[in-house]
Amino acid sequence: SQKIEQNSEALNIQEGKTATLTCNYTNYSPAYLQWYRQDPGRGPVFLLLIRENEKEKRKERLKVTFDTTLKQSLFHITASQPADSATYLCALERSGGYQKVTFGTGTKLQVIP
Amino acid sequence: GAGVSQTPSNKVTEKGKYVELRCDPISGHTALYWYRQSLGQGPEFLIYFQGTGAADDSGLPNDRFFAVRPEGSVSTLKIQRTERGDSAVYLCASSPREAGVDTQYFGPGTRLTVL
């Protein structure tokens, strides 16, 4: 079965710096990979999606890269702000249509003012 | 518009009891997911509906867990003979399944505590 690994240790960075979070997966390649944000006591909120044939996607201060050779996605937040502090989850769906979406364990980001 | 809603927001029950958790998805969303999330963990997949049918129920931990979506909209997750290990936040998500993608919209979750 698919295994998704995210850095389980919390990431602490200084305000204004770029935060980089990693998502590694094993076995099959996904049709697409998504990043979600989760705040305490709330459900995850969708941020960005990148498909298997795309290398990079951007949205405002967010950037996602996808390397199917390394089986890795990187999630970057530039000019980070304390309001970016949250847990970030990656999720992927296997190719083949109507497959379930599988989530990683998430990485907790703390942006220090 | 209205998002995904889940009821109840909190449920405390005793070991051995039966519970039902309800999910009201966004209108028109064909896909519906149930997840279970423990503290410090990511959402753990339980079951996935496309319309009325369960497309994948491989995440249900055992036969005490069952879910239905009879009219392709509201879904109910049912847990029989609850155990303390069932305590977790149960999340529901729906998706319009556009262009072959399940972008999921999550509800706030139901926190289940089994005493």
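For region A:84-91, indicate whether the set of residues that are outside any strand (DSSP E or B), at pLDDT 95 or above and open to solvent by less than 20 Å² (accessible area, probe 1.4 Å) is non-empty. Yes, region A:84-91 contains a residue that is outside any strand (DSSP E or B), at pLDDT 95 or above and open to solvent by less than 20 Å² (accessible area, probe 1.4 Å). Could you tell me how many of the residues in region B:38-93 are under 10 Å from the mean Cα position of the chain (by Cα) and over 15 Å from B:Val19 (Cβ atoms)? Going through region B:38-93 one residue at a time, the tally reaches 5. When you scan region B:47-68, do you find a residue that is within 12 Å of chain A (Cβ to nearest Cβ) and of a type in the set (Phe, Trp, Tyr), even just one? Yes: region B:47-68 contains one or more residues that are within 12 Å of chain A (Cβ to nearest Cβ) and of a type in the set (Phe, Trp, Tyr). So, in region A:1-23, of the ones that are within 12 Å of the chain's Cα centre (by Cα) and open to solvent by 50 Å² or more (accessible area, probe 1.4 Å), which residue ends up modelled with the highest pLDDT? Filtering region A:1-23 for residues that are within 12 Å of the chain's Cα centre (by Cα) and open to solvent by 50 Å² or more (accessible area, probe 1.4 Å), the one modelled with the highest pLDDT comes out as A:Thr20. Looking at region A:24-60 only, could you name the residues that are more than 13 Å from the chain's Cα centre (by Cα) and either open to solvent by less than 70 Å² (accessible area, probe 1.4 Å) or under 21 Å from A:Ser8 (Cβ atoms) (or both)? Result: A:Thr26, A:Asn27, A:Tyr28, A:Ser29, A:Pro30, A:Ala31, A:Asp39, A:Pro40, A:Gly41, A:Arg42, A:Gly43, A:Glu54. Does region A:72-91 include one or more residues that are more than 11 Å from chain B (Cβ to nearest Cβ), touching a residue at least 12 places away in the same chain (Cβ under 8 Å) and touching a helix residue (DSSP H, G or I) at 6+ places or on another chain (Cβ under 6 Å)? Checking region A:72-91: at least one residue is more than 11 Å from chain B (Cβ to nearest Cβ), touching a residue at least 12 places away in the same chain (Cβ under 8 Å) and touching a helix residue (DSSP H, G or I) at 6+ places or on another chain (Cβ under 6 Å).
The values are calculated or read from the model by the stated rules, or taken from the named source; none is laboratory data. Keep in mind that this is a model prediction, so the values were computed, not measured. With ideal geometry, Cβ positions are generated from the backbone for all residues, glycine too; neighbour counts draw on all protein chains shown. The accessibility values were calculated without ligands, DNA or RNA, using every heavy atom of the protein model including side chains. Shrake-Rupley method; radii C 1.70, N 1.55, O 1.52, S 1.80 Å.
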